[in-house]
Amino acid sequence: MPIAAPCALVIFGASGDLAKRKLIPAIYELAKEKLLPEKFVLVGYARSPMTDEDYRKECREAVQQFARTKPFDVAVWDRIEKNTSYVQGDYGSVDDHAKLADHLTGLDQSAGTAGNRLFYLSTPPNTFEPIIERLGERQTHQTGDSGSWQRVIIEKPFGRDLASAKSLNQLLVKNFGEKQVFRIDHYLGKETVQNMMVMRFANAMFEPIWNYKYIDHVQITVSETLGVGSRGGYYDKSGALRDMVQNHIFQLMALVAMEPPVALDARSIRDEKVKVFQSIRPIRGGANGVNDFTVRGQYTAGGEDKAKTDGYKKEKGVDPNSTTETFAAIKLFIDNWRWSGTPFYLRTGKYLGEKLSEVVVRFRSPPLTLFQKQCESPVFPNDLIVKVQPEEGISWRLNGKVPGGTLNIKSVALDFNYEETFHVESPEAYERLIFDAMTGDQTLFIRADEAEAAWAVIDPIEQGWAQSTRPPEEYAPGTWGPKRAMDLIENDGRRWLQGGNEAPDPVIACSLQ
């Protein structure tokens, strides 16, 4: 385990929801695990007027409410709290950033942080540019030791299209080196996602069959049971495709599809992920926004109890005439040697039937010659299911004989659950990612060309939808999206493993004669 050097963590947007729910609790959990450096300070920066004591109280309450582990350890928090301070300022103000720089220089002397800075941009995307410019200007004035470092973590969304992503990358290159930039996608910090490479490359059984010859198709689903909530204003300018597919789902897909890296270092792994995005066959929105490869939907009124809604267009901050999609599904092909002709079905949406994130790798059906005369129907194909949330684990679906004197075949699951197997609760993704940024490990972060390659796939779809006069297809809350989302896969003779009109796998009766 690498050791984090003394540093100051500065959270821009310190009074925001992400900081309270995820970042501050993650710092507390790292301290509990003794992964924070002894000489560590936490500095909050936001526009809200607050004293140091006000901010410390706010942080304590956030940890007590949202920390992963209970009960609240007062001694652990006290060590963090005494080194916690707050700076009020505008994100683009030269004077306010100078005030922050002076504050950090003082902490270098009093707390021994050695000039090391980790800046976390937990702010709306429209503030990224002024913050990056001010931080870049201050780098030249840093008075720390020659071996000190400055790093910046940037939350998603990283741009809203290819042009804006390139522009943001150019701004970063102007002010920082690529080794200083950590583009974060919290999905990459989840234990199951990290285990994807271990599962694939540390088990000899998978590599020979991990290709188009043996895999029929791949499904990736990221679904939510609630709507946009208080994020309506932001979401209406984004939509499901930008909000989830371009980052979370594409990252899952890249780990499934990538070639074995030459080494387990950041450059080698990210090189292979970029190749996946560059190999995706171009998709366009199609005439009137409709084709055989994309589906967009928007939830209507419905639901029950706390999940009840008057429909997306009546959510707070949403344009009553909005055509922003709250559901997106796409079928794509990765045109390389390993995946030639193998479809990848991706879908995400709000107000769907179940909250889950999972990857389903469906293998081709076994030859029928042995069973086609004796059984009522063909035996089931095998599935490998990687469960990212709410539970983390892996499940194999195999065919087995039902006990008894007759030959009855049923699909059965061999399950591996992280918590049950290792008897520990998986850490929050932000814990791992913040620690990695402190130690300078970029493996689980997104590189500049990787972000641009992903946007190059999404842009033509967005452009086709934007030019369409046909609105998103409506779907009721609690369902699995528009009917065309079912058609997207069923017209190919396949079905979604989770949701839709799925029924439990029956027992197949076979004759021994």
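Yes/no matrix, rows are residues, columns are (1) assigned to a helix (DSSP H, G or I); (2) among the charged types (D, E, K, R); (3) at pLDDT 95 or above:
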residue: Ala451; (1), (2), (3): yes, no, yes
residue: Ala454; (1), (2), (3): yes, no, yes
residue: Gln463; (1), (2), (3): yes, no, no
residue: Arg470; (1), (2), (3): no, yes, no
residue: Arg484; (1), (2), (3): yes, yes, no
residue: Asp492; (1), (2), (3): no, yes, no
residue: Trp496; (1), (2), (3): no, no, no
Of all helices (runs of 4 or more DSSP H) fully inside segment 20-95, the set with 3 or more residues that are surrounded by fewer than 14 Cβ atoms within 10 Å (Cβ to Cβ) and free of Cβ contacts under 8 Å to residues at least 60 places away in the same chain is 52-66, 74-81
Result of the Cβ filter at 6 Å on segment 232-249, keeping first residues that are closer than 11 Å to Lys156 by Cα and partners that are at pLDDT below 90 and basic (Lys, Arg), at least 6 apart or interchain, is Asn247/Lys156
Matching residues in segment 191-230 (within 19 Å of the chain's Cα centre (by Cα) and part of a loop (DSSP other than H, G, I, E, B)) number 5
Flagged in segment 1-19 as more than 24 Å from the chain's Cα centre (by Cα) and open to solvent by less than 40 Å² (accessible area, probe 1.4 Å), in numbering order, are Ala4, Ala5, Cys7, Ala8
Within segment 231-257, the residues that are among the acidic types (Asp, Glu) and under 16 Å from the mean Cα position of the chain (by Cα) are Asp243
Counting only residues that are within 24 Å of Glu38 (Cβ to Cβ) and of a type outside the set (Ser, Thr, Tyr), segment 72-101 contains a total of 15
Residue hits (segment 263-280; more than 14 Å from Phe445 (Cα to Cα) and at pLDDT below 95) are Ala263
The condition from (1) assigned to a helix (DSSP H, G or I); (2) modelled with pLDDT of 95 or more; (3) buried (at least 20 other Cβ atoms within 10 Å of the Cβ) that Leu188 misses is numbered (2)
Checked segment 415-470 for anything in contact with a helix residue (DSSP H, G or I) (Cβ under 8 Å, 6 or more places away or on another chain), closer than 19 Å to Thr69 by Cα and of a type in the set (D, E, K, R); matches are Glu425, Glu428, Glu431, Arg432
Residue pairs within 9 Å by beta carbon, gap of at least six or interchain, first lying in segment 351-372 and farther than 27 Å from Ser511 by Cβ and open to solvent by 30 Å² or more (accessible area, probe 1.4 Å), second β-branched (Val, Ile, Thr) and modelled with pLDDT of 90 or more, listed first then second, are Gly353/Thr225; Gly353/Thr479; Glu354/Thr225; Lys355/Thr225
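The values are calculated or read from the model by the stated rules, or taken from the named source; none is laboratory data. Remember, predicted model here, so these are calculated numbers, not experimental data. For neighbour counting, all protein chains shown are included, and Cβ atoms are generated from backbone atoms with ideal geometry for every residue, glycine included. Areas reflect the complete protein model, heavy atoms only, side chains present, ligands, DNA and RNA absent. Shrake-Rupley method; radii C 1.70, N 1.55, O 1.52, S 1.80 Å.
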